[in-house]
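Student: If you scroll down you'll find the structure; I have some questions about it.
Read the figures in this text as sums done on the coordinates, not as results from a lab. Given the structure is predicted, the values throughout are model-derived calculations rather than measurements. Note that we place each Cβ from the backbone using ideal geometry, even for glycine, and neighbour counts take in every protein chain shown.
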Amino acid sequence: MTQSVSPSDRTPGADSIWWHVYPLGACGAPIRDGDRTQVPRLQMLINWLDYAAELGTTGLLLGPIFDSATHGYDTLDYLCIDPRLGSVEDFDALVEACHAHGMNIMLDGVFSHVSDQYQPLRAVLEAGKDPVSGTPNSPDAPLFHIDWESDGGPYPWFFEGNSDLVRFDHTNARVKDFVQQVMEYWCARGIDGWRLDAAYSVPTEFWADVCDRVRASYPDTFFLGEVIHGDYPAFVEDAHVDTVTQYELWKAIWSSITDKNFFELDWTLKRHGEFLETIVAQTFVGNHDTTRISSLLGADGGLVAQAIIMTLGGTPSIYYGDEQGFTGVKEDRQFGDDAVRPPLPASPGELLGFGHTTYEALSSLVWLRRKRPWLTRALTTTVAVTNTSYSYRSCAPDDDSTFVDVQLSIDEAGTAHALILDEAGHTLWQK
C-alpha cells in the first residue's frame with residue numbers, strides 16, 4: 001500500500017500547483033433532477049490522482065462537496081458529504097489517497113450564504129414573529145440576514161439576487177462559531193486548506209477572526225479567498241487569509257490576445273508585480289465560473305495562456321479538462337455554467353486521444369515550473385512590448401542571474417505563440 005506523505009514533505013499551499021475540480025460535474029452527479037441517491041462518486045477521483053500527479057500538480061482544489069440542493073453552492077448541511085458524491089468514508093479515502101500522492105487537498109467553503117431550503121433557515125421562517133412586538137420567535141433568527149419589519153415579511157436577504165441563496169448575518173458571533181466548527185471538523189479529517197467562496201461579500205473582520213481561530217488549532221491551514229476586484233493585498237491583510245484569486249490577470253491574459261493588445265497584459269503584470277511584494281496570488285486561466293480558455297483562444301492559444309501563468313509569480317491552478325483542451329462557453333442564463341462543468345470518464349484511460357498533445361505540452365510547462373520553485377515569487381520585468389509582441393523576464397527574487405525569458409507574439413491570423421528560454425538562451429518550451 002502506498003504510504004501517505006507527511007505534511008512536512010508536501011508542498012506548502014502557496015507553493016502548490018493546484019488541479020481544480022468541480023466534483024458534482026466531474027463525477028457525473030445529477031444536478032437538478034432531485035435524485036438524492038447516495039452513490040460513491042468521490043471514489044472516482046482517486047482514479048485520477050496519478051494523472052494529476054503526472055501532470056505535475058501538487059494539490060487538489062475541490063469545488064463544493066457538502067450536501068446541497070443542486071449545484072453545490074446552495075448548502076443544506078455543512079457536516080455531511082453530498083449523497084450524490086458518496087459518504088464521509090469515501091471522502092476520507094480521497095484525502096488519504098491525495099496525501100499518499102504527495103498532494104494537498106483544499107475544500108470549497110461556501111460560508112457567504114446557504115440554500116433557501118437549509119433546515120435551520122426554514123425553521124426560523126416557519127416560526128415567524130410575534131404579532132405584537134414583531135420580534136422573531138426563533139432564537140436562531142439572528143444567524144441570517146432577514147427583513148422582519150417590511151409588510152408581508154419576513155424577507156430573507158438573497159445573495160446577489162439569487163432567490164435560492166440566503167445570506168448569513170456575519171456580524172453575529174454565533175455565525176463565526178459555526179463556521180469555525182465546520183472548518184475544524186474537516187481540518188480534523190485531514191484537509192490542508194479552504195477556498196472561501198465569495199469571500200469579497202463577507203466583512204474582512206469576520207474572516208480575520210475565524211481564520212485566526214482555526215489556525216490556533218491547525219496552524220498550517222491555507223486560506224484562499226475568492227476576490228474579483230479591488231485591493232488584493234489589503235484584503236489579504238485585513239481578512240488574515242493567505243491569498244486571493246487573481247481575476248485581473250486572468251482577464252488580461254486572454255483579452256490581450258483576442259484584442260491584439262499586449263499593452264493590457266504589460267500594465268497588468270506591473271500591477272501583479274506590486275501585489276507580489278506582499279502576497280502570492282492564485283493565478284489561473286480557467287475555473288468553474290469562466291468560459292474555457294480553449295474556447296476563447298483555441299487549444300494552442302490556451303497553452304500560451306498557461307505558459308504565461310507558469311512563468312510568473314503566483315500560486316497556479318489548472319481547471320480540470322483544460323489540460324486536455326476541453327471547450328465550453330459560460331452563458332449568462334439559468335444553467336449557463338453546465339458547459340464548463342462537464343463529467344470526466346471513470347478513469348484517464350477512457351479519455352479520447354485528441355487531448356493527449358495538450359496534456360503533454362502543459363505537463364512540460366508545469367514541470368518546468370516545478371524545477372524552478374523560485375518562480376512562485378518571481379520578479380517580472382518587461383523587455384519589449386507592442387500590440388502583437390511582448391517579451392518579459394522573470395527572475396528569482398534574490399538572484400537576478402537566475403531567470404527565464406518569455407517571448408509572446410500574435411500572428412496575422414490572430415494565433416498566439418510563446419517561446420521560453422533559459423539563462424543561456426536555450427529553448428525550454430515553445431508553442
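Student: So what is the orientation-averaged projected area of the stretch 231-375, using the convex hull of its C-alpha atoms, in nm²?
Tutor: Mean projected area of the Cα convex hull: 10.0 nm².
Student: Something else now. Could you compute the FRET efficiency for THR415 and ASP231, with r as their C-beta to C-beta distance and R0 at 30 Å, rounded to 0.05?
Tutor: 0.25
Student: Quick check on the exposure proxy: order GLU331, GLU264 from fewest to most C-beta atoms within 10 angstrom.
Tutor: Taking fewest neighbouring Cβ atoms as first place, the list is GLU331, GLU264.
Student: For the pair TYR185/THR382, report the inter-label distance in nm, with labels modelled 7 Å from Cα in the Cβ direction.
Tutor: 5.0
Student: For the chain, what's the relative contact order in percent, using C-alpha pairs closer than 8 Å and at least 6 residues apart? Spell out each step's value before the answer.
Tutor: On the way: 875 pairs, mean separation 59.9, N = 431.
Computed value for the chain: 14 percent relative contact order.
Student: Of all chymotrypsin sites (Phe, Trp or Tyr not before Pro) in the stretch 184-248, which ones are in loop regions per DSSP and have a Cβ with at most 15 other Cβ atoms within 10 Å? Let's see the in-between values first.
Tutor: On the way: sites: TYR185, TRP186, TRP194, TYR200, PHE206, TRP207, PHE222, PHE223, PHE235, TYR247; in loops: none.
Here no chymotrypsin sites (Phe, Trp or Tyr not before Pro) fit, given the DSSP loop and packing criteria.
Student: Also, quick follow-up: Normalised by the number of residues in the stretch 304-431, what is the relative contact order in percent for Cα pairs under 8 Å and 6+ residues apart?
Tutor: Values: 179 pairs, mean separation 26.7, N = 128.
It rounds to 21 percent for the stretch 304-431.
Student: Kindly provide log₁₀ I(q)/I(0) values, in the same order as q = 0.13, 0.20, 0.24, 0.30 Å⁻¹, from the Debye equation applied to equal alpha-carbon scatterers of the stretch 308-365.
Tutor: The Debye formula, applied to the Cα set alone, gives -0.44, -0.89, -1.05, -1.22.
Student: Please work out the Cα convex hull volume for the stretch 11-156 and give it in Å³ per residue.
Tutor: Expressed per residue, the convex hull around the Cα atoms of the stretch 11-156 is 128 Å³.
Student: Continuing with this model, one more query. Name all residues of the stretch 363-396 having a backbone nitrogen under 12 Å from the label point set 7 Å from the Cα of ASP15 along its Cα→Cβ direction, giving them as ranges.
Tutor: Correct set: 370-377.
Student: Given the peptides 160-166, 56-62, arrange them by the average over their residues of other C-beta atoms within 10 Å, most packed first.
Tutor: Details: 160-166: 14.1, 56-62: 25.1.
Order by mean packing, descending: 56-62, 160-166.
Student: Checking the a/c ratio against 1.5 first, then a/b against b/c, what shape does the Cα gyration tensor give for the stretch 353-417?
Tutor: Taking the square roots of the gyration eigenvalues as a ≥ b ≥ c, the stretch 353-417 is oblate.
Student: Full-extension gain between ASP147 and HIS426, please, as 0.36 nm times their residue separation minus the C-alpha to C-alpha distance.
Tutor: Extra length available between ASP147 and HIS426 comes to 94.0 nm.
Student: Sort 395-407, 359-371 for me by packing, meaning the mean count of neighbouring Cβ atoms within 10 Å per residue, highest on top.
Tutor: Packing order, densest peptide first, comes out as 359-371, 395-407.
Student: Quick one: putting +1 on the C-beta of Lys and Arg, -1 on the C-beta of Asp and Glu, what dipole do you get for the chain around its Cα centre, in Debye to the nearest 20?
Tutor: Working: 29 positive and 62 negative charges, 134 e Å.
Here the size comes out at about 640 debye.
Student: Taking the Kirkwood radius as the inverse of the mean 1/r across Cα pairs, report the Rg/Rh of the stretch 152-274.
Tutor: Result: Rg/Rh = 1.07.
Student: Can you give the helix-only mean residue ellipticity at 222 nm for the chain, where every DSSP H stretch with n ≥ 4 adds -39500 (n - 2.57) and the sum goes over all residues, rounded to the nearest 500 deg cm²/dmol?
Tutor: -9500 deg cm²/dmol
Student: Rounded if a/c is under 1.5, else prolate if a/b beats b/c, else oblate: with a ≥ b ≥ c from the C-alpha gyration tensor eigenvalues square-rooted, which is the chain?
Tutor: Here the chain falls in the prolate category.
Student: With label points built 7 Å along Cα→Cβ from the Cα atoms of ASP77 and ALA100, find their separation and express it in nm.
Tutor: Going by the 7 Å Cα→Cβ label model, 2.8 nm.
Student: Now for a separate question. Between the stretch 152-175 and the stretch 295-353, what is the separation of their alpha carbon centroids in Å?
Tutor: The two parts, judged by their Cα centres, are 33 Å apart.
Student: Taking 0.36 nm per intervening residue step and subtracting the Cα-Cα distance, what contour gain separates SER363 from GLN38 on full extension?
Tutor: Details: separation 325, 0.36 × 325 = 117.00 nm, distance 3.48 nm.
Full extension of this stretch gives 113.5 nm more.
Student: Kindly rank 145-153, 285-293 from highest to lowest mean number of other beta carbons found within 10 Å of each residue.
Tutor: Sorting 145-153, 285-293 by mean packing, highest first, produces 285-293, 145-153.
Student: Still on this structure, please answer the following. For THR171 and ARG333, compute 0.36 nm times the residue count separating them, minus their Cα-Cα distance, and round to one decimal in nm.
Tutor: 55.1 nm is the gain from fully extending THR171 to ARG333.
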